[in-house]
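All remarks here apply to the structure that follows.
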Amino acid sequence: MEVIRCARCGAFYTNGGNVCSNCIEKDNYELSKFKNFMEDNIGNNIQSLSQVSLQTGISEKVLNNFLDYDGFQDYKKLLK
């Protein structure tokens with residue numbers, strides 16, 4: 001059994017995934033918010049994570065974690 005550290009709160013857990021069971025709901029909500037924001041603003045010259053953070057209310061730390069998730073590498077290329 002592999003012990004994993006939660007990317008959000010730092011707690012240790014064993015159930016797989018990127019975050020612990022206590023953080024999964026918030027992670028899913030902010031992930032959806034980030035994805036919708038990026039899809040709605042692709043042509044609007046978004047240049048930095050700090051800009052996305054200010055407009056979405058999602059911390060830069062969490063946004064950096066999202067960019068490492070499968071399927072989000074294209075967003076990483078758009079942001080400097």
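The values are calculated or read from the model by the stated rules, or taken from the named source; none is laboratory data. Computed from a predicted model, the values in this text were never measured in an experiment. Cβ sites come from the backbone with ideal geometry, for glycine too, and all protein chains shown count toward neighbours. The protein model used for the area step is the full one, side chains on, heavy atoms only, and it has no ligands, DNA or RNA in it. Shrake-Rupley method; radii C 1.70, N 1.55, O 1.52, S 1.80 Å.
Here's the yes/no breakdown for (1) at pLDDT below 90; (2) over 19 Å from R5 (Cβ atoms):
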{"site": "E30", "(1), (2)": "no, no"}
{"site": "E39", "(1), (2)": "yes, yes"}
{"site": "I42", "(1), (2)": "yes, yes"}
{"site": "S53", "(1), (2)": "no, yes"}
{"site": "G57", "(1), (2)": "no, yes"}
{"site": "G71", "(1), (2)": "yes, yes"}
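Kindly provide the set of residues from the stretch 1-34 that are open to solvent by 90 Å² or more (accessible area, probe 1.4 Å), within 12 Å of the chain's Cα centre (by Cα) and among the basic types (K, R), ordered by number.
Across the stretch 1-34, the qualifying residue is only K26.
Limited to the stretch 42-63, what total is found for residues that are surrounded by 13 or more Cβ atoms within 10 Å (Cβ to Cβ) and either without any contact (Cβ under 8 Å) to a residue 12 or more places away in the chain or touching a His at 6+ places or on another chain (Cβ under 9 Å) (or both)?
Looking only at that region, the number is 4.
For the stretch 21-80, list the helices (runs of 4 or more DSSP H) that sit wholly inside it and hold at least 2 residues that are of a type in the set (V, I, T); which are they?
Working: elements: 24-40, 49-56, 60-67, 73-78.
It comes to 49-56.
Going through the stretch 64-73 one residue at a time, which ones are closer than 13 Å to E30 by Cα and free of Cβ contacts under 8 Å to residues at least 24 places away in the same chain?
If the condition is that a residue be closer than 13 Å to E30 by Cα and free of Cβ contacts under 8 Å to residues at least 24 places away in the same chain, then N64, L67 are the ones that fit.
Could you give me the residue pairs with C-beta distances under 8 Å whose first residue belongs to the stretch 1-30 and is farther than 17 Å from D70 by Cβ, whose second residue is part of a loop (DSSP other than H, G, I, E, B) and among the basic types (K, R) wherever it lies, and which are 6+ apart or on separate chains?
C20/R8; C23/R8; K26/R8
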